[in-house]
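Structure first, commentary second.
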Amino acid sequence: MAPKILLVDPASCHPALEDRLCERGYEVLRAENGLRFVSQLQVENPDVVIMDSRPRFCDSHTLCSAIRAQFRHKPVFFLAREAHEADRRDHLGCGCTQVFSMPTQLPALMRRIGECAGTP
């Protein structure tokens, strides 16, 4: 069974990310809104959650806190176009596992996904 990766607000994520995940054999789950997010998180129990640091439908810190309340050790990665040090501290403070600057850190993100979710 392939590891599951949940993309929150996938339209905001780096365009090549979903293709790369699928090419490597991961099962990609998509949450375009809050209801879908809750459903995917609780029913599918993804191995890793990835979201833009500023998703369109809600606050990333609120979402991350909600994940942490139920799943303490689930990896949650934030994607940022520009990640200033103060932003990184805020993101990590809400419980995010790691922040990746896109697109420059896409290879590092893919390595980290493999470390946390395993390889298909």
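The values are calculated or read from the model by the stated rules, or taken from the named source; none is laboratory data. This one's a predicted model, so the numbers in the text were calculated from it and none came from an experiment. Here the Cβ is made from the backbone with ideal geometry for all residues, glycine too, and neighbour counts use every protein chain on show.
Of note:
- Unique match (being in a helix (DSSP H, G or I), modelled with pLDDT under 80 and either within 19 Å of His14 (Cα to Cα) or in contact with a Phe, Trp or Tyr (Cβ under 9 Å, 6 or more places away or on another chain) (or both)) among Arg88, Arg111: Arg88
- Exactly one residue out of Asp87, Asp9, Asp19 is among the charged types (D, E, K, R) and buried (at least 16 other Cβ atoms within 10 Å of the Cβ), and it is Asp9.
- For the criterion of being surrounded by fewer than 14 Cβ atoms within 10 Å (Cβ to Cβ) and over 25 Å from Thr119 (Cα atoms), Arg81 passes.
- Matching residues in the stretch 91-108 - criterion: being among the aliphatic types (A, V, I, L, M) and not in a helix (DSSP H, G or I): Val99, Met102
- Note on the stretch 61-85: residues that are free of Cβ contacts under 8 Å to residues at least 12 places away in the same chain, of a type in the set (D, E, K, R) and assigned to a helix (DSSP H, G or I) amount to 1.
- Of all residues in the stretch 40-54, at least one satisfies being within 14 Å of Cys94 (Cβ to Cβ) and surrounded by fewer than 20 Cβ atoms within 10 Å (Cβ to Cβ).
- Residue in the stretch 22-39 that is surrounded by the most Cβ atoms within 10 Å (Cβ to Cβ), counting only those that are in contact with a Cys (Cβ under 9 Å, 6 or more places away or on another chain) and not in a helix (DSSP H, G or I): Val28
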